[in-house]
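Okay, so here's the structure we're looking at.
The values are calculated or read from the model by the stated rules, or taken from the named source; none is laboratory data. Everything numeric in this text was worked out from a predicted model, so none of it was measured. Counting neighbours? That spans all protein chains shown, and the Cβs are built from the backbone with ideal geometry, glycine included. Note: accessible area is taken over every heavy atom of the protein model, side chains too, but ligands, DNA and RNA are not part of it. Shrake-Rupley method; radii C 1.70, N 1.55, O 1.52, S 1.80 Å.
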Amino acid sequence: MDTEFYKKIESYFKAFDRTNVDSALNYVKEKYKDTDKPIEAMYRVLDVILPLKPDEDTIVSVILHDLYIEDFLSADKVKKMFSPQVVNILNSLKRLSILNYAENDKRSQVEILRKMFITLAKDVRVILIWLACRLKQMRDLKDLDEDGYAHSLAKETMDVYVPIASRLGFYRMKTELEDLSFKYLNQSEYERIREE
């Protein structure tokens, strides 16, 4: 898995220095032994991000973000191991993780949520990572039996994440997020259009 991952990076980043990415991967692999989280989820987020040719700090942040958000990794540890930029990205991702869509379900409040999202994430790399994580979640919905959860996640994605991806020009992500959301929000219409 790592070999394929490095080949993808090196295909666009010829002078890529593996040192920090190796450190992040090794750290995460060691920590994941103590959690019930599957490490494959991280690779699926990286698969979404890598075609957009991210920089090293973005790649390292994707690798570390789940552990950081769940407090398995401290800011001090990140500062010692990586750049201040990685700490900034991870702190912004952590702040975004506390936004609660369920409490912001009215139309006017959804617009406030969008503005908060963009204000909190002053670095576009933060939004890129967050959108990639959401796309990975939407792709994984097919594995869930809970229709209520799928519908709720699809509505949140359509109301908040699709417009953000569109505004920032991430059109490929926007199209897939929209398509996956529509599938769960209006399945009969989705099937009709797909058949046509």
inquiry  = Taking the 0 to 90 degree range and rounding to the nearest ten, how far is the long axis of helix 147-156 tilted relative to the main principal axis of the chain, both from C-alpha atoms?
reply    = 80
ask   = In terms of solvent-accessible area of protein heavy atoms at a 1.4 angstrom probe, what is the ranking of S23, S61, highest value first?
value = S23, S61
ask   = Per-residue ellipticity at 222 nm for the chain, helices alone: DSSP H runs ≥ 4 residues times -39500 (n - 2.57), over residue total, nearest 500 deg cm²/dmol?
value = -22000 deg cm²/dmol
key: Qualifying trypsin sites (Lys or Arg not before Pro) in segment 1-52, DSSP loop, other Cβ atoms within 10 Å at most 11   = K14, K33
query = For D123, what accessible area in Å² do you get when you roll a 1.4 Å probe over the heavy atoms of the protein chains, rounding to the nearest 10?
reply = 40
remark   = Share of accessible surface on carbon and sulfur in the chain, whole %, 1.4 Å probe and ligands ignored, is 49
key: Spherically averaged projected area in nm², based on the convex hull that wraps the Cα atoms of the chain   = 12.4
ask   = Going from most exposed to least, what order do L120, L113 have by accessible area with a 1.4 Å probe?
value = L120, L113
ask   = Relative to the longest principal Cα axis of the chain, at what angle does helix 84-97 sit, 0 to 90 degrees, rounded to 10?
value = 30
query = Does segment 1-49 classify as rounded, prolate or oblate by the C-alpha gyration tensor (a ≥ b ≥ c root eigenvalues; a/c under 1.5 gives rounded; else a/b over b/c gives prolate, otherwise oblate)?
reply = oblate
request  = Be a star and scan segment 45-73 for residues whose amide nitrogen sits under 20 Å from the point 7 Å along the Cα-to-Cβ vector of V124.
outcome  = 46-62
remark   = Between E189 and K8, the FRET efficiency computed from the C-beta separation at R0 = 25 Å comes out, to the nearest 0.05, as 0.10
Per-residue SASA entry for I39, accessible area with 1.4 Å probe, Å² rounded to 10 = 40
ask   = Among the lysines, which have Cα under 21 Å from the Cα of K31 when same-chain residues fewer than 8 positions away are ignored?
value = K77, K79, K80, K94
inquiry  = I'd like to check one number: the per residue accessible area of the chain, probe 1.4 Å, reported in Å² as a whole number.
reply    = 56
task = Please work out the C-alpha center-to-center distance from segment 157-196 to segment 6-65 and express it in whole Å.
result = 27
ask   = Which value, to two decimals, describes the C-alpha radius of gyration of segment 110-196 once divided by 2.2 N^0.38 Å?
value = 1.11
task = Work out the length of the dipole vector of the chain about its Cα centre, built from +1 on the beta-carbon of each Lys and Arg and -1 on the beta-carbon of each Asp and Glu, and round it to the nearest 20 debye.
result = 760
